[in-house]
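The values are calculated or read from the model by the stated rules, or taken from the named source; none is laboratory data. In this text the structure is predicted, and so the values were computed from the model without any measurement. Cβ: placed from backbone, ideal geometry, glycine included. Neighbour counts: every protein chain shown.
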Amino acid sequence: MNNDFSSPKSVPQPEITELNAAELTTLDHRHVWHPFTPMSAWFSKKDPLIITHGQDEYLYDIQGRRYIDGVSSLWCNIHGHRVPELDAAMQRQLSKVAHTTLLGACNVPSIQLAAELAQVAPAGLEKVFYSDNGSTAVEVALKMAFQYWQNIGRSEKTGFLSMTAAYHGDTLGAVSLGHIDAFHARYRAINFPSLRADLPQIPAYSPANSTIDSHIVPFSLFSEWDNYIRDVIAAHANVLAAVVIEPVVQGAGGMLMQPHGTLSRLRKLCDEHEVLLICDEVMTGFGRTGALFACDHEQISPDILCLSKGLTGGYMPLGATLTHQRIFDAFCGDPNAGRTFFHGHTFTGHPLACEVARVSLQMILERDLSRRALEMSQWLADGLRALRDHPNVGDIRITGGIAAVEIVQQRTPLTPFPWQRRMGGEICRRLRSHGVLLRPLGDVVVIMPPLAATKASVEQICDSLQSIMRQFPDLFTDHG
Ligand SMILES: Cc1ncc(COP(=O)(O)O)c(C=O)c1O
């Protein structure tokens, strides 16, 4: 063993220098494996978007070009970039300590944030279990629900029911709940099986629907769905640990929006049949839908609530899984009785993340950003109105600060473009030259700017989209 710590000569020391765009591109292509990205296609991008800084709702690339961050840096940014209050919160905490563990110790911001979350969360959700991101918030929920039933002697209740087009993250438990074939089918052999149910009024065409098998029910009436979901839950209640839903808006499935009443119906059925209800508000939480939490629209409390993304205003990775006293109590008692929740991450309750989350939450409440999302709803509706008659727009859906524009080959009969045309991607690529950054879900163009974005920015996004849809009819012709 070499104990000579004084001579690091053999270790190559990377030089920290400012690199230009070409050098960074070369290094990116050589070393970075991008998420959800066909990498061979990525290599053909000679001018990839390299973000260097941001300000408010804008991001700037290495060439100095300015873009509106029209998808909130993947649905998480709430207040914009370089927000003085959030920057100060991070700096304040940095001047104390960056990270300490929650295993066997506490830290100040994680205690305070938990108490503050408990105050604003749907009623009764007073216990906060931290993790790192949305997927882990869901993993925690799954293990918590599963073990709850084991701990109270109902070990037959091990199953999970999730929704058609569901997306709950990319870790294996979350993937087991997922029902978007393009993302999930490949991994079935290493998933646990979950039951799938349909939600009411899934539109005739959506990226989710293009992968759905024949059991999809086109519910024309809420009462039809009502009977259907009651039968599904009743039939499996004895083995179901929990029903899992992205309340009000299903995100990655194509921004699919549920009619009012869906959540309260599920809450009632879960209560009647002794099944837990898990609401995954990783995307919908913190004002995005026009209420602090999507559950608030129907004034229901789930048994378990999953949060991330907007939890820190989009500044830091942090997940939180909230539950109520009854579930928590099932994990208490004699330490030798095997009831302990054996779960935790190195960065659980990260002080920097928790401190910035506290300030973000305070700002959301003080500035009433949930109401701001409702205003944004109107700006989006006004801005997208002219597209309603476009022959290649199949549907426009808006809830709070979330809009989805579905691009189709033709409206009647509703026909999607062949996925290989990647029309959503092509439109978003063209939007860049208008100074707008959007990311599609298949052929659904998603608009979800930071809640603090100005009306002018929302109008610019909508105008740019319209101008692309109008100016490029050749984009929509069939090239065979
Ligand atoms: C509803 C929902 N749950 C979970 C996740 C996973 O979150 P993360 O990407 O932070 O793991 C996402 C991500 O988009 C989501 O939309």
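Taking segment 321-337 as the region of interest, how many residues are crowded, with 19+ Cβ neighbours inside 10 Å and in contact with a Gly (Cβ under 8 Å, 6 or more places away or on another chain)?
Residues meeting the conditions: 1.
Can you tell me how many residues within segment 122-146 are surrounded by 21 or more Cβ atoms within 10 Å (Cβ to Cβ), more than 9 Å from the ligand (Cβ to nearest atom) and assigned to a helix (DSSP H, G or I)?
Looking only at that region, the number is 6.
Of 112, 91, which residue is surrounded by fewer than 24 Cβ atoms within 10 Å (Cβ to Cβ) and either closer than 24 Å to residue 297 by Cα or in contact with an Asp or Glu (Cβ under 9 Å, 6 or more places away or on another chain) (or both)?
112
Could you check residue 387 against (1) in contact with a strand residue (DSSP E or B) (Cβ under 7 Å, 6 or more places away or on another chain); (2) part of a loop (DSSP other than H, G, I, E, B); (3) more than 24 Å from residue 275 (Cα to Cα) and say which number it fails?
Against the list (1) in contact with a strand residue (DSSP E or B) (Cβ under 7 Å, 6 or more places away or on another chain); (2) part of a loop (DSSP other than H, G, I, E, B); (3) more than 24 Å from residue 275 (Cα to Cα), residue 387 comes up short only on (2).
Would you mind stating whether residue 275 is crowded, with 24+ Cβ neighbours inside 10 Å and within 15 Å of the ligand (Cβ to nearest atom)?
Details: crowded, with 24+ Cβ neighbours inside 10 Å: yes; within 15 Å of the ligand (Cβ to nearest atom): no.
It is false that residue 275 is crowded, with 24+ Cβ neighbours inside 10 Å and within 15 Å of the ligand (Cβ to nearest atom).
Which of the residues spanning segment 288-344 are hydroxyl-bearing (Ser, Thr, Tyr) and touching a residue at least 40 places away in the same chain (Cβ under 8 Å)?
Residues satisfying the conditions are 289, 301, 308, 312, 315, 321, 323.
In this structure, is residue 72 within 16 Å of the ligand (Cβ to nearest atom), among the hydroxyl-bearing types (Ser, Thr, Tyr) and out of contact with any Gly (no Cβ under 6 Å at 6 or more places or on another chain)?
Working: within 16 Å of the ligand (Cβ to nearest atom): yes; among the hydroxyl-bearing types (Ser, Thr, Tyr): yes; out of contact with any Gly (no Cβ under 6 Å at 6 or more places or on another chain): yes.
So residue 72 passes the test.
Just to be sure, is residue 460 outside the structural domain of residue 258 (by TED's automatic domain parsing), more than 23 Å from residue 252 (Cβ to Cβ) and at pLDDT 90 or above?
Yes: the conditions hold for residue 460.
Could you go through segment 316-324 and let me know if any residue there is polar (S, T, N, Q) and not in a loop (DSSP other than H, G, I, E, B).
Checked segment 316-324: at least one residue is polar (S, T, N, Q) and not in a loop (DSSP other than H, G, I, E, B).
Here is a list of conditions, (1) over 23 Å from the mean Cα position of the chain (by Cα); (2) loosely packed, with under 12 Cβ neighbours inside 10 Å; (3) under 21 Å from residue 24 (Cβ atoms); (4) hydroxyl-bearing (Ser, Thr, Tyr), and residue 37 meets all of them except one; can you say which number that is?
Unmet for residue 37, out of (1) over 23 Å from the mean Cα position of the chain (by Cα); (2) loosely packed, with under 12 Cβ neighbours inside 10 Å; (3) under 21 Å from residue 24 (Cβ atoms); (4) hydroxyl-bearing (Ser, Thr, Tyr): (1).
All but one of (1) in contact with a Cys (Cβ under 7 Å, 6 or more places away or on another chain); (2) modelled with pLDDT under 95 hold for residue 164; state the number of the condition that does not hold.
(1)
Considering (1) within 16 Å of residue 279 (Cα to Cα); (2) touching a helix residue (DSSP H, G or I) at 6+ places or on another chain (Cβ under 8 Å), say which one residue 182 fails and leave the rest.
With (1) within 16 Å of residue 279 (Cα to Cα); (2) touching a helix residue (DSSP H, G or I) at 6+ places or on another chain (Cβ under 8 Å) applied to residue 182, the lone miss is (1).
Does segment 149-156 contain any residue that is within 30 Å of residue 267 (Cβ to Cβ), within 16 Å of the ligand (Cβ to nearest atom), in contact (Cβ under 8 Å) with a residue 40 or more places away in the chain and out of contact with any His (no Cβ under 8 Å at 6 or more places or on another chain)?
For segment 149-156, residues within 30 Å of residue 267 (Cβ to Cβ), within 16 Å of the ligand (Cβ to nearest atom), in contact (Cβ under 8 Å) with a residue 40 or more places away in the chain and out of contact with any His (no Cβ under 8 Å at 6 or more places or on another chain): absent.
Restricting attention to segment 193-204, does a residue exist that is out of contact with any Pro (no Cβ under 8 Å at 6 or more places or on another chain), modelled with pLDDT of 85 or more and loosely packed, with under 15 Cβ neighbours inside 10 Å?
Yes, because at least one residue in segment 193-204 is out of contact with any Pro (no Cβ under 8 Å at 6 or more places or on another chain), modelled with pLDDT of 85 or more and loosely packed, with under 15 Cβ neighbours inside 10 Å.
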